[in-house]
Amino acid sequence: MKLWLKIIMVMSAFGILYISFTRAGLEKVNDDEQYDRLRNISISYQQKETGNWQCYKLPESRILSNNPIYFLKKIRDNLWIQFSRNPIDKSRITLLVADKKISETITLYKKENNNRFLKENMDEAVKKIESAQKIIDQLNQKDLEVKKIKQKIDQTNAFYQYIIERISLNKEISKCDE
């Protein structure tokens, strides 16, 4: 058998395996996100409108954007969003991916605050939030689950504005006192 054919077969096998693991992971992540088991990092932020301090819970992110295999994580995250069948689940997973991006941004900022990946991560997170907002806007606004996600998007927008401002001003980002 020719070498190029063997390479194509091996690459196809790895692709199928990767997609299978991604689909299986999506079910687990969707379940965990629905029951709030993924968000372990609490970051304090101040709401602009009220001046009140709040805690925002972020998921952990182990592979950061400065890692050479990060592209695999990005592919997986995009597949999670594409494989989500229900629009509510799709918006929930999109929010989770956005929060992972901000979590990565905060981690990179604390490690080395002049990192070139910071702006890219923040921009991607904001785009994901906008995408989740578009999905929710197309659904019945009277649905209780839609209302909950819409409220979460509003809270997320306020949190992101605070974080982006803190990073641009080179100020500290603090965890909540628990």
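For the condition modelled with pLDDT under 95 and surrounded by fewer than 21 Cβ atoms within 10 Å (Cβ to Cβ), what is the one hit in Ile93, Ile88? Before you say what the answer is, go through the steps one by one.
Working: Ile93 fails: surrounded by fewer than 21 Cβ atoms within 10 Å (Cβ to Cβ).
After ruling out the rest, the residue left standing is Ile88.
For segment 28-46, a tally of residues being surrounded by 12 or more Cβ atoms within 10 Å (Cβ to Cβ) and part of a helix (DSSP H, G or I) returns 5. For Ile81, the requirement of being exposed (fewer than 14 other Cβ atoms within 10 Å of the Cβ) and over 22 Å from Ala158 (Cβ atoms) is not met.
A search for C-beta distances below 6 Å between a residue of segment 11-27 that is in a helix (DSSP H, G or I) and any residue that is aliphatic (A, V, I, L, M) and surrounded by 11 or more Cβ atoms within 10 Å (Cβ to Cβ), counting only pairs 6+ apart in sequence or on different chains, returns Thr22/Leu79. Looking at Lys101, Lys134, just one residue is modelled with pLDDT of 90 or more, of a type in the set (Lys, Arg) and more than 21 Å from Tyr56 (Cα to Cα), and that residue is Lys134.
With respect to the stated conditions, Ile81 fails to be in a helix (DSSP H, G or I), among the β-branched types (Val, Ile, Thr), at pLDDT 90 or above and more than 15 Å from Leu26 (Cα to Cα). For segment 108-126, the criterion of a residue being surrounded by 13 or more Cβ atoms within 10 Å (Cβ to Cβ), of a type outside the set (Phe, Trp, Tyr) and under 23 Å from Glu27 (Cα atoms) is satisfied by at least one position. The residues on offer are Ile153, Ile102, Ile167, Ile75, and the sole one that is in a helix (DSSP H, G or I), surrounded by fewer than 17 Cβ atoms within 10 Å (Cβ to Cβ) and either in contact (Cβ under 8 Å) with a residue 40 or more places away in the chain or on the phi < 0 side of the Ramachandran plot (or both) is Ile75. Among the residues here, Leu96 qualifies as over 13 Å from Ile163 (Cβ atoms) and in contact (Cβ under 8 Å) with a residue 40 or more places away in the chain. Of the residues Glu112, Glu49, Glu120, which is modelled with pLDDT under 90, within 20 Å of Asp154 (Cα to Cα) and among the acidic types (Asp, Glu)? Of the residues listed, the single one that is modelled with pLDDT under 90, within 20 Å of Asp154 (Cα to Cα) and among the acidic types (Asp, Glu) is Glu49. Got at least one residue in segment 136-146 being under 20 Å from Ser103 (Cβ atoms) and of a type in the set (Asp, Glu)? No, segment 136-146 contains no residue that is under 20 Å from Ser103 (Cβ atoms) and of a type in the set (Asp, Glu).
The values are calculated or read from the model by the stated rules, or taken from the named source; none is laboratory data. What you see is a predicted model; the values in this text were computed from it and never measured. As a convention, Cβ positions derive from the backbone with ideal geometry for all residues, glycine included, and neighbour counts pool all protein chains shown.
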